[in-house]
Amino acid sequence: MYGLYAIGFIAACVIAVLLTPLVKKFAFWVGAVDAPNQRKVHTRIMPRLGGLAIFLAFVGAYFVVSPALDAVNSNAAFGLLLGGLVIVITGALDDRFQLSPKWKLLGQLIAACIVVSFGLKIDLVNIPFGETNLPIGWLSIPITILWIVGVSNAINLIDGLDGLSAGVSGIATTTILILALMMGNVTVILLSVILLGSIVGFMFYNFHPAKIFMGDSGALFLGFALATLSILGFKQAAVVSLLIPIMILGVPLSDTFFAIMRRYVNKLPISAPDKSHLHHCLLQLGFSHRTSVLIIYGIASVFGGSAVICSVFISQDSTWGLIMIIVALFLVMLVGAEAIGIISKSRKPVLNFLQKLIRKPVQSDRMGK
């Protein structure tokens, strides 16, 4: 069994390595390129459409390995493949023609509806501190669609540095893979392994200095695949709460949340572009391109590790351990966000409050002396 997983990973990686140079030439040929501007970090014209290589490697490796695994849920896998095809086409058209937001959203909604039509939806919400699962009835469909579209766009939003979206997605995929191995979910293990192989193969050309960008075709597909895998992996797992997939995707989701908060604080439209995302803030602090990416990889790894630890606490009914992890992670995330100015460069209420708490004991000691 594990040998087949290894074959799937290697096959996906090799296909991605072989296809990416061809996709690069194709991108130049059709004019799917990314020109530098005031919001971009790169300084030269770069080919896009890298998502085509990732998707084709994913599909190719699946059909290489899946016939040998009887336990694979082919219905769920085909839902991911067909929906993925729609999302990749949508992203590829945007890479070439710069689609309007409404057409991009339409493609994402169609892809999400395809997944739902194959029976993949969030049926239950497991309450970490309760005894039973909470059925959500007809709300399962809109919640599932919202989750898929939201995660797809979150991955797309962090695609601002060489290798950033691919690496963060690879870490999230690895976390899902670890949890699937713990639960023995063969379908999720296989799909995670070949998705990870596709990402690793593409990373040979995408890590700094990048030779090709994944474009919306890649970022939207990776977000779509991660959202779908999180549903497939955790929808029937009574020991895993809704917190786990949120933690797995902590970096893109938190960056999206902070972007919304930042635009609200600055009284800007939510869709207004800016240069204050996490990677922008790290660059403004003086970190190099490569170091900024590695720092975000580290943050993503912390989120992934926390997800695994929390799943263990939930399975062991360790409520206090779960609470401590969640509170600590939230506080560190909030303090870190204010420290780098991702919400506001001037308004830092939490840091100011903590500084006051630290000053009081110091002043008391001086007065006592």
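Kindly state, as a whole number, the per residue volume in cubic angstrom of the convex hull around the alpha carbon atoms of the chain.
Per residue, the Cα convex hull of the chain comes to 157 Å³.
How high is the relative contact order of the chain, given as a whole-number percent (alpha carbon pairs under 8 Å, six or more residues apart)?
Values: 549 pairs, mean separation 77.8, N = 369.
Relative CO of the chain lands at 21 percent.
Which percent of the accessible area of the chain is formed by carbon and sulfur heavy atoms (probe 1.4 angstrom)? Mind showing how you got there, number by number?
On the way: 12020 of 17260 Å².
That fraction is 70 percent.
Which distance in Å, rounded to a whole number, links the C-alpha centroids of region 138-199 and region 258-322?
16
Would you list the membrane-span-like helices of the chain, meaning whole DSSP H runs whose alpha-carbon atoms span at least 15 Å along their axis and whose mean Kyte-Doolittle value is at least 1.6? Before the final figure, lay out each step's value.
Numbers: long enough: 2-30 (40 Å, 1.76); 50-65 (23 Å, 2.25); 74-97 (34 Å, 1.22); 101-117 (24 Å, 1.17); 140-157 (25 Å, 1.56); 164-183 (29 Å, 1.88); 186-206 (30 Å, 2.15); 215-234 (29 Å, 1.49); 250-265 (22 Å, 0.54); 289-315 (40 Å, 1.48); 319-340 (32 Å, 2.36); 349-368 (29 Å, -0.31).
The qualifying helices are 2-30, 50-65, 164-183, 186-206, 319-340.
If the chain between His208 and Ile358 were fully stretched, how many nm would it gain, using 0.36 nm times the residue separation less the Cα-Cα distance? Please report the intermediate quantities before stating the final value.
Working: separation 150, 0.36 × 150 = 54.00 nm, distance 4.05 nm.
Length gained, His208 through Ile358: 49.9 nm.
For the ranges 218-227, 324-333, 157-166, 182-191, what's the packing order if you count other beta-carbon atoms within 10 Å of each residue, average per peptide, and put the highest first?
218-227, 157-166, 182-191, 324-333
Along the Cα→Cβ direction, 7 angstrom out, place labels at Leu105 and Lys267. What is the inter-label distance in nm?
Spacing of the two 7 Å Cα→Cβ label points: 2.5 nm.
Based on DSSP H runs of at least 4 residues, each adding -39500 (n - 2.57), what is the mean residue ellipticity at 222 nm of the chain after dividing by all its residues, to the nearest 500 deg cm²/dmol? List each step's numbers first, then the result.
On the way: 14 runs with 263 residues, N = 369.
Only helices count here, giving -24500 deg cm²/dmol.
With a probe of 1.4 Å, find how much accessible area region 260-307 has per residue, and write the answer as a whole number in Å². Display every interim value, and only then the final one.
On the way: 2480 Å² over 48 residues.
With the other protein chains kept in place, region 260-307 gives 52 Å² per residue.
Pop a pseudo-label 7 angstrom from the Cα along the beta-carbon direction at both Leu82 and Lys275 and give the gap in nm to one decimal.
4.5
The values are calculated or read from the model by the stated rules, or taken from the named source; none is laboratory data. Given the structure is predicted, the values throughout are model-derived calculations rather than measurements. Note that each Cβ is placed from the backbone with ideal geometry, even for glycine, and that neighbours are counted across all protein chains shown. Keep in mind that these areas ignore ligands, DNA and RNA; they rest on the heavy atoms of the full protein, side chains included. Shrake-Rupley method; radii C 1.70, N 1.55, O 1.52, S 1.80 Å.
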